[in-house]
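Okay, structure first, notes after.
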Amino acid sequence: MMGIRRMRTVLAAGCAMAVVAGMAACGSGASSSQKDSGDGIAVVASINQWGSVARDLGGDKVEVRSIMTSTNVEAHDYEPTSSDIAAFGKADVAVVNGADYDSWASKAAAGTKATVVDAAKTDGIKAGDNPHVWFSKDVREKTADAITAAYEQAMPEQKDYFEQRHKAWEAREQKVEDKITAAKAKTEGMPYAASESVAWYLADDLGMTDATPSGYRNASANESEPSPADVKQFVDLLKAGKPKAFVLNTQEANDTTKQLEAAASEGKVPVVGLTEQMPKDYDDLTDWMGALVDDFTAAVK
């Protein structure tokens, strides 16, 4: 498995280098490939989950600053400070989520000297698509490839070091993917419903089917209020116990989600609670994803 995986990674890294190089050409100032070998690589990430990947891949050769580190606010609504914007101007590598999730970060990085890694773009995901791409195993892999390519461009004399860091990260990510593969024996084809489509990519990797009523799901995707009829349909579905799990974004709790949670309890539908931003309980994106796979598996047992 790892031999095939390594071949795929090498190919993806080649593509990532081409993408990264193209992005860097759009920036201003000196190329980050001309960086003094005695300096560390300054990295800024819009959200802490991608910041953790950047840190894992860079080790002691990088200094990573994550702008958003709290589960109390989501990136859509975040108002960056002048210090946040300035951080992008000082960065050698900027990691943004993309797909219009953190447009403030993409705008701040544009026109700087930083090599920009856009996680969503690594897998062809664009604005209007589901932006919660860190839940996707494919995006995690491709973003890691692109970050490593950016580091090797910034500090080419440390290529072997970055390759070793990438290999170690890949081994940890493989454990998560092995968990997903094992979990699919239980989760594939299982219906779930969600207060928001935050974990859609993870549920898809697990082979689950989204049974959220379409009216409610569309309203949530458009960040509008679902109609009373949509809410009632969802409540009735949960009370009837039809979904095997109810995925609740606890970061966006309100009266409607409380009503849905109560209905899930009445219908004996297990609740999988999660947040958009990586909780402080986890220091690493792969650890967080592994724990969530366990939560989904436990819910449908």
(message) within 25 Å of ALA291 (Cβ to Cβ) and in the same structural domain as GLY58 (by TED's automatic domain parsing): is that true of VAL133 in this structure?
(response) yes
(request) Please give the number of the condition ALA219 fails out of (1) closer than 15 Å to PRO243 by Cβ; (2) touching a Pro at 6+ places or on another chain (Cβ under 6 Å). (result) (1)
(request) Considering (1) among the acidic types (Asp, Glu); (2) touching a helix residue (DSSP H, G or I) at 6+ places or on another chain (Cβ under 8 Å); (3) over 27 Å from ALA120 (Cβ atoms), say which one ASP284 fails and leave the rest. (result) (3)
(request) Could you check how many residues of the range 232-255 are surrounded by fewer than 20 Cβ atoms within 10 Å (Cβ to Cβ) and over 21 Å from the mean Cα position of the chain (by Cα)? (result) 9
(message) Just to be sure I understand, how many residues within the range 284-301 are of a type in the set (Gly, Ala, Ser) and assigned to a loop (DSSP other than H, G, I, E, B)?
(response) 0
(message) I'm told THR212 meets every condition in (1) among the polar types (S, T, N, Q); (2) touching a residue at least 40 places away in the same chain (Cβ under 8 Å); (3) surrounded by 19 or more Cβ atoms within 10 Å (Cβ to Cβ) except one. Can you identify the failing condition by its number?
(response) (2)
(request) Give the residues of the range 257-277 that are free of Cβ contacts under 8 Å to residues at least 40 places away in the same chain, farther than 11 Å from ALA193 by Cα and not charged (D, E, K, R), sorted by residue number. (result) GLN259, ALA262, ALA263, SER265, GLY267, GLY273
(message) Give me the residue from the range 163-172 that is more than 20 Å from VAL293 (Cβ to Cβ) and buried (at least 19 other Cβ atoms within 10 Å of the Cβ) and, out of that set, farthest from the chain's Cα centre (by Cα).
(response) ARG165
(message) Restricting to the range 50-70, and then to whatever is outside any helix (DSSP H, G or I) and over 14 Å from the mean Cα position of the chain (by Cα), can you tell me which residue is surrounded by the fewest Cβ atoms within 10 Å (Cβ to Cβ)?
(response) SER70
(request) Select from the range 199-256 the residues that are β-branched (Val, Ile, Thr) and in a loop (DSSP other than H, G, I, E, B) and list them in ascending order. (result) THR212
(message) List the residue pairs whose Cβ atoms are under 7 Å apart, where the first residue sits in the range 238-250 and is of a type in the set (Ser, Thr, Tyr), the second is outside any strand (DSSP E or B), and the two are 6 or more positions apart or on different chains.
(response) THR250/THR275
(request) Answer yes if at least one residue in the range 173-194 is farther than 20 Å from ASP294 by Cβ, assigned to a helix (DSSP H, G or I) and among the polar types (S, T, N, Q), and no otherwise. (result) no
(request) Please work out which residue is farthest from the chain's Cα centre (by Cα), limiting yourself to the range 288-298 and to residues that are surrounded by 14 or more Cβ atoms within 10 Å (Cβ to Cβ) and without any contact (Cβ under 8 Å) to a residue 60 or more places away in the chain. (result) ASP295
(message) Between a residue in the range 97-109 that is in the same structural domain as ARG65 (by TED's automatic domain parsing) and any residue that is polar (S, T, N, Q) and assigned to a loop (DSSP other than H, G, I, E, B), which pairs come within a Cβ distance under 9 Å, given they are 6 or more apart or on different chains?
(response) ALA99/ASN130; ALA105/ASN97; SER106/ASN97
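The values are calculated or read from the model by the stated rules, or taken from the named source; none is laboratory data. It should be emphasised that the depicted structure is a prediction, and the values quoted were computed from it without experimental measurement. In this analysis, Cβ positions are derived from the backbone assuming ideal geometry, glycine residues included, and neighbour counts consider all displayed protein chains.
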